[in-house]
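First up is the structure itself, then whatever we jot down about it.
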Amino acid sequence: MEKNVDLGPIQKLMDDPGVSEIMINGPKKIFVEKEGKKVLTDATFASEEEIMKMIEGIYSVGGKRIYKYIPYADICLEDGTRVNAIIPPMSRFGTAVTFRKFSKDIRMLEDLVRNGTMTEKAAELLLGCVKGKINMIFSGGTSTGKTTLLQMLSRHFATGERVITIEDAAELRLIQENVISLETRVPDEEGKGEVTLRDLIRNSLRMAPDRLVIGEVRGAEAIDMLQAMATGHRGTIGIIHGNSPKDVIARLETMVLMSGVKLPLIEIRRIICSTVNLIVHFERFQDGSRRITHITEVRGLEKEEIMLNDLFLFNLEKIDEDGKVIGRLKPTLRYYPLFFQRFRRQGLLDDKIFVSD
């Protein structure tokens with residue numbers, strides 16, 4: 001947490017390791033999420049003014065502000081906590097602030113294997129994809145674990161790579177030395193000074209990147225990401241919200257069309273197939289657990305349709321009497337071995353990545 005920021009009545013909630021999210025719905029209603037369940041706490045603010053004082057303290061550290069012309073904004077704190085705030089009149093019942101805490105229990109890729117997010121075999125494949133500079137899309141809903149996995153995989157980028165991250169709110173904390181973190185900017189009260197993801201992606205291509213990491217792709221910037229992948233920037237990783245790998249492909253098609261490019265759909269599909277290699281999909285289950293449910297290869301076009309091959313699928317076995325989801329991410333017998341063997345032959349996978357099991 002940034003120094004000298006007074007969090008007032010929610011400080012104890014921030015310090016509680018069992019709390020994953022804090023949701024402020026006006027001064028008198030503060031909810032937290034613990035073990036996958038959202039519960040009302042007894043913490044309260046004295047007034048709207050006290051909440052605004054806290055927000056101003058948090059956002060001023062990052063050089064951002066919230067006021068009537070910019071009534072909402074995101075920021076990421078030094079400890080990885082993500083903050084979103086929106087003020088009245090957009091938020092009708094009082095200022096709403098959401099804190100999404102970064103788990104301090106996850107420091108390495110092995111921790112995601114131990115907590116059931118994925119299996120060791122799936123982790124080994126994803127590490128091979130990182131080493132082999134495979135273009136990947138991470139998909140899923142909000143707070144499903146996309147950024148956490150990306151953070152852990154980034155530790156395995158090659159030491160000499162120049163990495164450029166492009167985000168709306170800078171969340172990633174990469175350990176490499178040659179890293180540039182780019183962040184978008186909203187316009188001022190005169191409508192000037194806006195810097196979009198499209199602007200940053202285009203500029204990043206002039207910065208000699210070895211690898212691009214693009215935060216949330218949700219609009220016309222999709223075409224810029226695909227063009228970056230197509231022009232020699234291998235190993236690009238993008239994040240897209242979607243319900244399934246198939247839905248991600250449909251969203252990509254729509255977002256490219258939003259950019260105004262005058263291409264027939266079949267040409268857009270050819271571009272996607274020639275650039276995106278793998279989709280890693282996450283879901284958050286009813287017990288609060290976050291799991292990878294699909295690792296899917298973008299195989300190519302067949303009868304003008306994009307063909308997807310599932311390499312791994314999550315097999316839901318049961319939900320026990322305590323509501324805990326029991327299941328396992330398993331490789332598909334039909335497609336996984338061929339994809340895996342191809343990486344083996346290229347020497348991209350290391351049997352000694354995991355020192356403990």
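The values are calculated or read from the model by the stated rules, or taken from the named source; none is laboratory data. Note that the structure is a prediction, hence the values are computed from the model and not measured. Heads up, the Cβs are rebuilt from the backbone with ideal geometry, glycines too, and the neighbour counts pull from every protein chain shown.
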- [ ] Evaluate the range 50-68: report whether one residue or more is assigned to a strand (DSSP E or B) and either assigned by TED's automatic domain parsing to the domain that holds R92 or aromatic (F, W, Y) (or both).
- [x] yes
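Yes or no, residue by residue, for (1) more than 16 Å from the chain's Cα centre (by Cα); (2) more than 21 Å from I175 (Cα to Cα):
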site	(1), (2)
K192	yes, yes
R206	yes, yes
D210	yes, no
V213	no, no
A220	yes, yes
A228	yes, yes
- [ ] Output the qualifying pairs, or none if there are none: Cβ atoms under 8 angstrom, residues six or more apart or on different chains, first residue in the range 314-334 and within 20 Å of R114 (Cβ to Cβ) and surrounded by 13 or more Cβ atoms within 10 Å (Cβ to Cβ), second residue at pLDDT below 90 and polar (S, T, N, Q).
- [x] K324/S289; V325/Q286; V325/S289
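Residue by residue, here is whether (1) out of contact with any strand residue (DSSP E or B) (no Cβ under 7 Å at 6 or more places or on another chain); (2) at pLDDT below 95 holds:
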{"residue": "D247", "(1), (2)": "yes, no"}
{"residue": "E321", "(1), (2)": "yes, yes"}
{"residue": "V325", "(1), (2)": "no, yes"}
{"residue": "P331", "(1), (2)": "no, yes"}
{"residue": "F343", "(1), (2)": "yes, yes"}
{"residue": "V355", "(1), (2)": "yes, yes"}
Open item on the list: Filter the range 98-119 down to the residues that are of a type in the set (V, I, T) and within 15 Å of V19 (Cα to Cα) and list them by number.
Closed with: T98, I106
- [ ] Examine the range 255-262 for a residue that is within 18 Å of the chain's Cα centre (by Cα) and not in a helix (DSSP H, G or I), and state whether such a residue exists.
- [x] no
Open item on the list: With the structure loaded, tell me whether R82 is within 19 Å of V186 (Cα to Cα) and touching a Lys or Arg at 6+ places or on another chain (Cβ under 7 Å) or whether it fails that test.
Closed with: yes
Open item on the list: Every residue in the range 72-99 that is in a loop (DSSP other than H, G, I, E, B), surrounded by 14 or more Cβ atoms within 10 Å (Cβ to Cβ) and at pLDDT below 90, please.
Closed with: L77, G80, T81
TODO: Report the residue count in the range 188-213 for those that are buried (at least 20 other Cβ atoms within 10 Å of the Cβ) and polar (S, T, N, Q).
DONE: 1
